[in-house]
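Below is one structure, written out as structure tokens; the observations come after it.
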Amino acid sequence: MTGTVRVRAATPADVPALVAVVHAAFASRPVLDPPSTQLLETEESVGVVVAATGGLVAEADGEVIGAVLLGDHGDRLGLHRVSVHPDHQGRGVVGLLARAAEDVARDRGCSGIEVGARVELPQTVELWLHHGYALVDRAGPHLTMAKELPFALAVPEADDARALGHRLAPLLRAGDLLILTGDLGAGKTTFTQGLGQGLGVRGQVTSPTFILARAHPSLGDGPGLVHVDAYRLGGVEELDDLDLDSALATSVAVVEWGEGLAESLAEDRLEITLRRRRGDERSGGIDDTDPREVEVRPVGARWVGAGLREALSG
Ligand SMILES: Nc1ncnc2c1ncn2[C@@H]1O[C@H](COP(=O)(O)OP(=O)(O)O)[C@@H](O)[C@H]1O
Ligand SMILES: [Mg+2]
């Protein structure tokens with residue numbers, strides 16, 4: 001039982017094995033009240049789903065050891081009956097299925113993924129949190145956990161980076177945290193300038209390299225902007241000294257070089273990475289003429305269904 005685990009799309013021929021793994025996985029779980037309807041799945045019911053919206057199977061040594069049924073939840077891909085055979089649990093199979101599901105979601109043009117979980121199964125909830133899912137809804141013991149997919153946008157010119165910041169501004173409110181990552185000159189400050197314009201804040205947004213943080217109050221009634229450069233910060237204590245918590249009460253916080261440091265400030269955040277797009281391997285990878293791109297990784301329930309990608313795509 002040690003072969004490489006491979007995930008692929010389920011075919012009608014997989015349906016019997018898929019039902020078997022769904023039932024086997026169920027047998028290893030505690031009985032819930034109300035009970036899960038997992039055991040009610042039949043070859044007929046699973047066959048209908050596989051034909052209509054698809055499924056994924058995880059295979060090792062030619063044997064189906066895990067499966068998930070896919071569902072169409074509007075803008076989100078739904079994961080149902082996530083199952084791993086008891087003999088193969090603890091090998092990261094759920095993670096492999098989840099990653100493959102993200103690829104499917106992207107192919108289908110979904111902005112995110114959601115999965116149901118039961119409040120009585122905290123380990124399952126933990127597992128989904130670990131995979132970047134956030135709790136977005138609860139009805140009695142039934143939890144809905146969801147994840148907004150990361151996406152990348154091309155920003156060929158400095159003006160495109162500025163425009164991106166400008167387009168993001170209307171979606172933001174006080175308390176929102178943005179963590180900007182990218183080499184020196186990648187465009188972090190340029191992006192923040194557009195954001196400041198979009199927010200309508202006082203003062204010129206400039207590189208805050210020689211001061212650690214600069215506050216730009218709103219000129220209207222929207223949130224202000226607190227612009228932090230964490231490059232020379234010694235650590236989390238020095239970040240604490242900036243007292244961003246109180247700034248976040250009225251402002252959006254943007255932290256350049258904040259990766260690995262500022263995440264603790266807020267459970268919900270946007271992790272924005274500016275980079276030069278990797279060139280063709282044969283031409284030697286990254287060089288200065290490579291087009292630039294911005295990757296946006298939404299973290300937390302705040303961004304689920306917030307329409308981020310549509311708003312930023314312009
Ligand atoms: N696509 C682009 N996005 C952002 N900046 C760009 C782009 N193309 C050229 N530039 C230039 O690169 C520099 C980026 O500087 P800056 O925004 O201060 O980077 P950082 O804050 O990441 O160190 C600016 O001079 C900007 O005009
Ligand atoms: Mg900068």
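List of remarks:
- Dividing the radius of gyration of the alpha carbons in region 151-313 by their Kirkwood radius gives 0.96 for Rg/Rh.
- Modelled spin labels at residue 72 and residue 245, positioned 7 Å past Cα toward Cβ, are 4.7 nm from each other.
- Value in Å of the Kirkwood radius, where region 70-189 supplies the Cα pairs that are averaged: 16.9
- Residue-wise HN-Hα coupling along region 8-25, computed from phi with Karplus coefficients 6.51, -1.76, 1.60 (Hz; x: Gly, Pro): 9, 5, 6, 10, x, 5, 7, 3, x, 5, 5, 4, 4, 6, 4, 5, 5, 5
- Among 270, 121, 178, the residue with the largest mean-square fluctuation in a Gaussian network model of the chain, with springs joining Cα atoms closer than 10 Å, is 121.
- Dipole magnitude of the chain about its Cα centre (Cβ charges: Lys, Arg +1; Asp, Glu -1), debye to nearest 20: 380
- Helix 158-168 axis, angle to the chain major axis (alpha carbon atoms, nearest 10°): 70
- Peptides 149-157, 256-264 ordered by average Cβ neighbours within 10 Å, highest first: 256-264, 149-157
- Top of 64, 299, 84 by mean-square fluctuation, Gaussian network on the chain, Cα under 10 Å: 64
- Atom-type composition of the exposed protein surface of region 151-313 places 47 percent of the accessible area on carbon and sulfur (1.4 angstrom probe).
- In sequence order, calculated HN-Hα J values of region 113-124 (Karplus, 6.51, -1.76, 1.60; Hz; x Gly/Pro): 10, 9, 9, x, 8, 9, 4, 6, 10, x, 5, 5
- Amide H contacts of residue 136: 144, 145, 146, each under 5 Å away and 5 or more positions distant or on a separate chain (H built 1.01 Å from N in the peptide plane; Pro and chain starts excluded).
- Value of relative contact order over region 151-313, rounded to a whole percent, pairs C-alpha under 8 Å and six or more apart: 30
- For the chain, the solvent-accessible area works out to 49 Å² per residue, with a probe of 1.4 Å and every protein chain left in place.
- Whole-percent carbon and sulfur share, accessible surface of region 6-148, 1.4 Å: 55
- Compared with the dominant Cα axis of the chain, that is its longest principal axis, helix 93-107 is turned about 70°.
- In this view, the solvent-accessible surface of residue 23, computed with a 1.4 Å probe and all protein chains in place, comes to about 60 Å².
- Estimated FRET transfer efficiency when R0 is 35 angstrom, pair residue 4-residue 231 (beta carbons, to 0.05): 0.25
- For region 6-148, the mean projected area of the C-alpha convex hull, equal to one quarter of the hull surface, is 7.9 nm².
- Rh by Kirkwood over Cα pairs, then Stokes-Einstein D for the chain at 0.692 mPa s and 37 °C, µm²/s: 152
- Counting only alpha carbon atoms, the long axis of helix 188-199 and the longest principal axis of the chain meet at about 80°.
The values are calculated or read from the model by the stated rules, or taken from the named source; none is laboratory data. Only a predicted model underlies this, so the values are computations on that prediction, with no experimental measurement involved. Positions of Cβ are backbone-derived with ideal geometry, glycine not excepted, and every protein chain shown enters the neighbour counts. Side chains are part of the model used for accessible areas, which takes the heavy atoms of the whole protein and leaves out ligands, DNA and RNA. Shrake-Rupley method; radii C 1.70, N 1.55, O 1.52, S 1.80 Å.
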